[in-house]
Amino acid sequence: GDKVKQSPSALSLQEGTNSALRCNFSIAATTVQWFLQNPRGSLMNLFYLVPGTKENGRLKSAFDSKESYSTLHIRDAQLEDSGTYFCAAAHSNTNKVVFGTGTRLQVLP
Amino acid sequence: GGIITQTPKFLIGQEGQKLTLKCQQNFNHDTMYWYRQDSGKGLRLIYYSITENDLQKGDLSEGYDASREKKSSFSLTVTSAQKNEMAVFLCASSISNYAEQFFGPGTRLTVL
């Protein structure tokens, strides 16, 4: 089964609203990365986390290694936030990074 | 800062053909990776190289070869292109094996 599950798989938001994306792991993870893939396919780095939280502008992310999940909160969503969000977890035994299946976000005007 | 370049941007090949994709990074990172992304899906690891002269198989290595020619470059070869292989191939690098990864723009492969 999927080692890294993202939810929801797709989401539409009105501009200016808030949302949370979630990543659940069935592996023991040491670090988590969050990326935004734009419609042209480029992957932008959003966060690189050890257990704890980070904030950058309208984005905030948390990683709880004991409960095996990570979240990405988007505040005051803007049109340019549209794209596919991926989380990726580094397996504590192998250090191999496993990607989730993505959350497709559309921000509507 | 640094940059990762992938060539070519688009690659069109014939079924059965051997095809090579190239990746260069100027971050001076030790570790480099090749991933495959099928349309609408997540990324799957093909090969990675922890340091120069190292090569490790990922989950999807069958049908591929890789070569770490020097610290800054990592090539991927599709040994015999198949039609179900049409995908975007993404190269990444990180300062070390478990560190933050940075991605190139991708090579889109089409097999006729």
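One table, with the values for the structure above:
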| item | result |
| --- | --- |
| Meets criteria (more than 9 Å from chain B (Cβ to nearest Cβ), in a strand (DSSP E or B) and in contact with a Gly (Cβ under 8 Å, 6 or more places away or on another chain)) for A:Leu13 | no |
| The range A:75-109: number of residues that are over 26 Å from B:Asp38 (Cβ atoms), touching a Lys or Arg at 6+ places or on another chain (Cβ under 9 Å) and not basic (Lys, Arg) | 3 |
| Flag for B:Thr20 being over 17 Å from B:Gly106 (Cα atoms) and modelled with pLDDT of 95 or more | no |
| Set A:Ser61, A:Ser42: member being open to solvent by less than 10 Å² (accessible area, probe 1.4 Å), free of Cβ contacts under 8 Å to residues at least 40 places away in the same chain and within 14 Å of another protein chain (Cβ to nearest Cβ) | A:Ser61 |
| Selection within the range B:60-112 - surrounded by 18 or more Cβ atoms within 10 Å (Cβ to Cβ), within 10 Å of chain A (Cβ to nearest Cβ) and among the small types (Gly, Ala, Ser) | B:Ala92, B:Ser94, B:Gly104, B:Gly106 |
| Criterion: open to solvent by less than 60 Å² (accessible area, probe 1.4 Å), in contact with a Ser or Thr (Cβ under 6 Å, 6 or more places away or on another chain) and not hydrophobic (A, V, I, L, M, F, W, C) - qualifying residue of B:Gln25, B:Gln37 | B:Gln25 |
| Test: residue in the range A:91-98 that is without any contact (Cβ under 8 Å) to a residue 24 or more places away in the chain and within 11 Å of chain B (Cβ to nearest Cβ) | yes |
| In the range A:26-74, the residues that are modelled with pLDDT under 95, assigned to a strand (DSSP E or B) and charged (D, E, K, R) | none |
| Output for the range B:40-56, where each listed residue is open to solvent by 40 Å² or more (accessible area, probe 1.4 Å), within 30 Å of A:Ser9 (Cα to Cα) and more than 12 Å from the chain's Cα centre (by Cα) | B:Gly40, B:Lys41 |
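The values are calculated or read from the model by the stated rules, or taken from the named source; none is laboratory data. Source: prediction; values computed, not measured. Here the Cβ is made from the backbone with ideal geometry for all residues, glycine too, and neighbour counts use every protein chain on show. For accessibility, only protein heavy atoms count, side chains too; no ligands or nucleic acids. Shrake-Rupley method; radii C 1.70, N 1.55, O 1.52, S 1.80 Å.
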